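Worksheet: the structure to be examined is printed underneath.
The values are calculated or read from the model by the stated rules, or taken from the named source; none is laboratory data. Here the structure is a predicted model, which is why all the values come from computation and not from measurement. Ideal geometry is used to build each Cβ from the backbone, glycine not excepted, and the neighbour counts take in all protein chains shown. Keep in mind that these areas ignore ligands, DNA and RNA; they rest on the heavy atoms of the full protein, side chains included. Shrake-Rupley method; radii C 1.70, N 1.55, O 1.52, S 1.80 Å.
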Amino acid sequence: MNKTVTINIAGLVFHIDEDAFNKLDSYINAVRNSIQKESEDEIISDIEARIAELFSQRIDPQTGVIRMNNVDEIIDIMGKPEDYIIEDEPQNNIQFTTNTKGYKKMYRDSEKRILGGVCSGLAHYFNIDPVWMRIIFVLLFFLYGVSILVYFILWIIIPKAVTVADFLEMKGEPVNISNIEKQFREGVSTSYQKIKSTGNTAADTIKKIIGVCFVIFSSTALFGSFFIPVIFYSKPMNFANEFVNYNENVIGIPFWAIGLSLFLMCAVPFIILLLVGIKLLNSKLKHIGWVSAILGFIWLIATFIFAFVMINIEIEDDKIKDLLDDNFETKLSKTELVLKENDTLNIFFEKDQRIYSINDTIELGNKYSEVNDIDVDILESNTGKSYIEIEENFFNNNLLNIKKLGKFNIDIETNKNSNTLNYNYSIKSDTLVLSKTILITLNDFTEDSKVRIKVHITPDKTVKINGNDKEYFWNLNVENGKNYYKFNNNGELENTNQL
Amino acid sequence: MNIENTKAQMRKGILEFCILSVLKEKDCYTSEILDQLKTAKLLVVEGTVYPLLTRLKNDELLSYRWEESTSGPPRKYYRLTEQGNLFLNELQVTWKELSEAVNIITNKHSHE
């Protein structure tokens, strides 16, 4: 039994036995190697025209098939590849040293390969056993895995030996018809036959493993991606912040489109990864490239939409913050500290007691929050009296310019209690109790609330800082365990650590 | 020294001259040129002729045209150009001188 292939030579169609075709193909390749490169195609087409002519004279009238003996006959008529060399063209003689020794080229040996045939190819080039080459690569692997990178680079840049001529060049044997025939007789380097029987080589196994990993990973991630729009729609308010509602008219993109683009942004890369995984498992799958390109384009659009929305939301958010900056009110209070001579002022920090009662009475806990932007400074008093100054900076929604905010879709809950809940402190003779936090109503913007406390004391007084709350003294060098501080003659506050 | 090789070299040297001479008579397509050369036993294998024809054409000594054929692929008909004609005339002179020289030498040796 013999397989027949259909070929087209110089516009004529022939049926030719497969082995005869292989030989003819190798012959033409060998001839191509021995003729001048510039007019190669023209000469080859002339030769092919002649071959077609000779074939049409010789074709078996009964079967209509070209057989091996026909090809042999034609090669006898046409001559060996070296017969095509014109002697006075030196460039070919250098390249093609038919009569003496072969010109060696580096190819990947796809026949004796384990992965890509790089090692066996290199082994052919350096004329050593491929095993040594593989040992070198395995040893190099332990050197920071250098060999993996080197291997893949070589895999890419070294061409694969495909034709019989390639195999001969790889082994450094002259490419002439007698060698090609020898190759065929030995039945070794027929890459055509190779195609038919793709063995389960290590490369295929690795491909399959990577493919399975890709498929599992990407399908899991894809499954997860489906929850993104669900989460997104369940809490649309948290999209930017608690104030800015999504306003389709301002941004110009419907709300569902953001959810969709967010989903696509997450899902598309995994879809592509999934396709690559499937392709690795089943190499016959087609059009992966096209589908991926289209998906990539969709991904770009989705990313663009999402980025566009986010940038606009951010711009809107900033504008609102600017407007709200005008709504901070400053309250100043000044209280005299009544202290005896050489007395000590005790400073305590306490958690605001009201927080417990408030949390009990208010259902939505997040309407009240604690802010600890508190700075305590101890200064020398020049007036001869000790006093405390407290400066509160808090958000006052009574000042809110609703007109200005009108074009934004802002939702601020006005709370009547908001102004009553300010900084809490108490003074009882020589004891100053400061709250550790500022209790504020509302949310985001009001977190810019702050308290600045200035304790002015006369030089004869000592300040005792109780507890380890040095973080409230930004400008003073207060250390844990050193509680007593007094102003010295130079007007500097220094640690005395005594009664 | 390979005798076959030497023979092939000698043939190749005069092949160009012969191709031009064939085409001087009339325009021929490739197979016709090959037939004439083979009949004259100048040619053993056809291979050499194709690169040679292309080179002569590239040197503008020959030009060609395509003609449809009923029995096979279209045929490439070569013809001698003006330049080719001049070139051939020069070669003919050289050949004449050479063959006379060779005759004299070979005859002298064979008479000895």
Rounded to the nearest 0.05, what FRET efficiency do A:S39 and B:N107 give with R0 = 35 Å and r taken as the Cβ-Cβ distance? Could you check? 0.25
Gyration tensor over alpha-carbon atoms, chain B, equivalent ellipsoid semi-axes in Å: 30, 17, 12
Length gained when the stretch A:F223-A:D377 is fully extended (0.36 nm per residue, less Cα-Cα span): 49.8 nm
Return the loop-located GluC sites (Glu not before Pro) in the stretch A:310-347 (DSSP other than H, G, I, E, B) with at most 13 other Cβ atoms within 10 Å of their own Cβ; answer none if there are none. A:E341
Kindly state, to the nearest 0.05, the FRET efficiency for A:I253 paired with A:V230, given R0 = 25 Å and r defined as their beta-carbon distance. 0.80
Return the value, in Å² to the nearest 100, of accessible area buried between chains A and B (probe 1.4 Å, both sides summed). 1900
With each run of n ≥ 4 DSSP H residues scored as -39500 (n - 2.57), what mean residue ellipticity at 222 nm is computed for chain B after dividing by its residue count and rounding to the nearest 500 deg cm²/dmol? -22000 deg cm²/dmol
Could you give the length gained on full extension between A:T6 and A:K334, defined as 0.36 nm per residue of separation minus the Cα-Cα distance, in nm? 107.6 nm
Inter-site label distance for A:A307 and A:N488 at 7 Å from Cα along Cβ, in nm: 5.9
Once the Cβ-Cβ distance between A:E111 and B:N85 is put in as r, and R0 is 51 Å, what FRET efficiency do you end up with, to the nearest 0.05? 0.40
Please check the stretch B:68-101 for residues whose accessible area, probe 1.4 Å, is lower by 50 Å² or more when all protein chains are in place than in their chain alone. B:P73
Reduced to Cα centres, the span from the stretch B:1-37 to the stretch A:287-301 in Å works out to 60
Are there trypsin sites (Lys or Arg not before Pro) in the stretch B:2-49 that DSSP marks as loop and that have at most 11 other Cβ atoms within 10 Å, and which are they? B:K26, B:K41
Cα convex hull volume per residue for the stretch B:49-112, in Å³, equals 129
Sequence-distant or interchain residues sharing an amide H contact under 5 Å with B:T81, placed H: which? B:L62, B:S63
Which whole-Hz couplings ³J(HN,Hα) result when phi for each residue of the stretch A:54-70 is put into the Karplus expression 6.51 cos²θ - 1.76 cosθ + 1.60, θ = phi - 60°, listed in order with x for Gly and Pro? 5, 4, 5, 7, 9, 4, 5, x, 7, 8, x, 10, 7, 10, 3, 5, 5
Sequence of A:F348, A:F55, A:F328 when ordered by accessible area, the most exposed leading, probe 1.4 angstrom: A:F348, A:F328, A:F55
Table column - 3J(HN,Hα) (Hz), the stretch A:330-343, Karplus curve with 6.51, -1.76, 1.60, x for Gly and Pro: 10, 10, 10, 9, 10, 10, 7, 9, 8, 10, 7, 5, 6, 7
